[in-house]
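The values are calculated or read from the model by the stated rules, or taken from the named source; none is laboratory data. Just so it is clear, the model here is predicted, and its values are computed rather than measured. Neighbour counts are summed over all protein chains in view; Cβ atoms, including those assigned to glycine, are modelled from backbone coordinates with ideal geometry. When the accessible area is computed, the model is the full protein with side chains, heavy atoms only, and any ligands, DNA or RNA have been set aside. Shrake-Rupley method; radii C 1.70, N 1.55, O 1.52, S 1.80 Å.
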Amino acid sequence: MGTAILLAVAASFCTATASVAQRQGARSIQTTGRFDAGLIFRLARRPVWLLGIASIIGGFLFQLTALRFGTLALVQPILALELLLVFGYMALAGRRQVKIKRRDWLAAAAMSAGIAGFLRLASPSGGQLHAPGFSWLLAGLVTLGVAFLALAAAFGPGNRPGSSSSRRAALLGSATGVAWGSSPP
């Protein structure tokens, strides 16, 4: 159990590092607001952005290994601490452009506690080794549908660039969460 905890903390640290490094690497890149295939090549020339890519890969490897040694109910709440670590990075870096408010810290802590509570109450346990193909197909289609609905709401008709950036950020975060939540560990 101790190994799973250490690996999950390492995974959280890596994914938090990835979030901060990729944001830092992309901060001064000019975008047009449209699809730009060259963007990935411009980002790939930035060492800090590449550090972010390496960190996310490391985070996935640590997460996978943590789940080998511990249950989902143990590992997932620790992985949710990533948001607190991102806030910590930002606070230590003294970012003047990003102010982390007390409510943000409380919301991140509540999210981690909520996931821990949910997994404790749900008490996930072993089941079938393989799910039927139809179940995978259905789960994948539902996931894609929900993610695309969130994307359509964020970028669809009636959404002009710059209008309600908080709403758009929430919708994009929801689409990302659904996609990440349905991905295999």
Checklist line | Contact order relative to length of the range 6-96, as percent, for alpha carbon pairs under 8 angstrom and 6 or more apart | finding: 48 percent
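Shape of the range 1-118 from its Cα gyration tensor (a ≥ b ≥ c, root eigenvalues): rounded if a/c is under 1.5, otherwise prolate when a/b > b/c, or oblate?
Note, shape of the range 1-118 comes out oblate.
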Check: Which order do peptides 20-26, 52-58 fall in by mean Cβ count within 10 Å, highest first?
Finding: 20-26, 52-58
Next item on the list: Quick one: what are the phi-derived ³J(HN,Hα) couplings along the range 16-27, Karplus 6.51/-1.76/1.60 with θ = phi - 60°, whole Hz, x for glycine and proline?
Entry: 5, 4, 4, 4, 5, 5, 5, 5, 4, x, 8, 4
Check: In what sequence, highest mean first, do 173-182, 38-47 appear when ranked by Cβ atoms within 10 angstrom?
Finding: 173-182, 38-47
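Using a/c under 1.5 as the rounded threshold, could you call the range 26-66 rounded, prolate or oblate? The axes a ≥ b ≥ c are square roots of the C-alpha gyration tensor eigenvalues, and prolate needs a/b larger than b/c, oblate otherwise.
Judged from the Cα gyration tensor, the range 26-66 comes out prolate (a/c at least 1.5, a/b above b/c).
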Checklist line | Karplus (6.51, -1.76, 1.60) ³J(HN,Hα), θ = phi - 60°, over the range 63-79, in Hz, Gly and Pro reported as x | finding: 4, 4, 5, 4, 5, 6, 9, x, 7, 4, 5, 8, 6, 4, x, 5, 5
Note to self: Using only the heavy atoms of the protein chains and a 1.4 Å probe, how would THR15, THR65 rank by accessible area, largest first?
What the structure shows: THR65, THR15
Next item on the list: Pop out the ³J(HN,Hα) list for the range 38-52 in order, Karplus 6.51 cos²θ - 1.76 cosθ + 1.60 with θ = phi - 60°, rounded to Hz; leave Gly and Pro as x.
Entry: x, 4, 4, 6, 5, 5, 5, 8, 9, x, 5, 5, 5, 4, x
